[in-house]
1. I'd like to check something: does the range 111-129 contain any residue that is in contact (Cβ under 8 Å) with a residue 24 or more places away in the chain, within 30 Å of residue 68 (Cα to Cα), outside any loop (DSSP other than H, G, I, E, B) and out of contact with any strand residue (DSSP E or B) (no Cβ under 6 Å at 6 or more places or on another chain)?
2. Scan (1) out of contact with any strand residue (DSSP E or B) (no Cβ under 8 Å at 6 or more places or on another chain); (2) surrounded by 15 or more Cβ atoms within 10 Å (Cβ to Cβ); (3) over 30 Å from residue 161 (Cα atoms) for the single condition residue 93 breaks and write down its number.
3. Residue under question is residue 40, and the condition is that it be in contact with a strand residue (DSSP E or B) (Cβ under 6 Å, 6 or more places away or on another chain) and either surrounded by 15 or more Cβ atoms within 10 Å (Cβ to Cβ) or not in a helix (DSSP H, G or I) (or both); does it hold?
4. Tell me the residue from 83, 152 that is within 22 Å of residue 18 (Cα to Cα) and surrounded by 14 or more Cβ atoms within 10 Å (Cβ to Cβ), please.
5. Can you report the number of residues in the range 3-33 which are part of a helix (DSSP H, G or I), over 12 Å from the mean Cα position of the chain (by Cα) and more than 16 Å from residue 45 (Cβ to Cβ)?
6. State the number of residues belonging to the range 155-167 that are surrounded by 17 or more Cβ atoms within 10 Å (Cβ to Cβ) and in a helix (DSSP H, G or I).
């Protein structure tokens with residue numbers, strides 16, 4: 001049996017990692033962009049990457065539920081259960097963040113690259129707009145925390161336990 005996940009799973013995993021890093025970074029720095037076209041473009045980039053993340057998420061989840069395969073756990077059954085829980089937490093948090101991001105765009109009525117305007121759901125309801133934006137940010141931060149724990153566990157497997165778990169998700173050489 002191969003010690004690697006299949007190439008589609010590996011590719012979708014690393015695309016997800018890059019997109020989450022970019023989306024979180026842009027989300028944290030949007031307010032530093034000066035008001036005007038630069039901020040519109042920066043926010044638009046965040047929205048477009050969020051839509052790309054939604055596509056990757058559905059592809060990844062669909063692949064995992066149909067043709068992707070889970071590798072049997074190596075060693076401790078407790079580690080396998082925790083890993084499964086963390087993976088499902090990430091799926092749920094990503095889905096929640098994506099839904100809240102779409103709701104946020106709809107509440108804000110964002111201008112996309114100065115090409116078209118997403119109509120605002122309720123322009124006068126600033127409290128709902130702030131609430132959805134806050135939940136979106138909270139969910140995104142929760143993803144980053146769980147991703148950090150996931151990465152720390154992978155590094156622990158690699159450097160402390162030396163059990164090959166991290167190598168399973170690395171692109172094949």
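Here, each number is a calculation from the coordinates, and none is a lab measurement. Just so you know, these numbers come straight off a predicted model, no measurement behind them. Reconstructed Cβ throughout: ideal geometry from the backbone, glycine too, with neighbour counts over all protein chains shown.
1. No: the range 111-129 contains no residue that is in contact (Cβ under 8 Å) with a residue 24 or more places away in the chain, within 30 Å of residue 68 (Cα to Cα), outside any loop (DSSP other than H, G, I, E, B) and out of contact with any strand residue (DSSP E or B) (no Cβ under 6 Å at 6 or more places or on another chain).
2. Only one criterion in (1) out of contact with any strand residue (DSSP E or B) (no Cβ under 8 Å at 6 or more places or on another chain); (2) surrounded by 15 or more Cβ atoms within 10 Å (Cβ to Cβ); (3) over 30 Å from residue 161 (Cα atoms) is unmet by residue 93, namely (3).
3. Values: in contact with a strand residue (DSSP E or B) (Cβ under 6 Å, 6 or more places away or on another chain): yes; either surrounded by 15 or more Cβ atoms within 10 Å (Cβ to Cβ) or not in a helix (DSSP H, G or I) (or both): yes.
Yes.
4. On the way: 152 fails: surrounded by 14 or more Cβ atoms within 10 Å (Cβ to Cβ).
Of 83, 152, the one residue that is within 22 Å of residue 18 (Cα to Cα) and surrounded by 14 or more Cβ atoms within 10 Å (Cβ to Cβ) is 83.
5. 5
6. Looking only at the range 155-167, we keep the residues that are surrounded by 17 or more Cβ atoms within 10 Å (Cβ to Cβ), and these are 157, 165-166.
With in a helix (DSSP H, G or I) added as a condition, the list becomes 157, 166.
Final tally of qualifying residues: 2.
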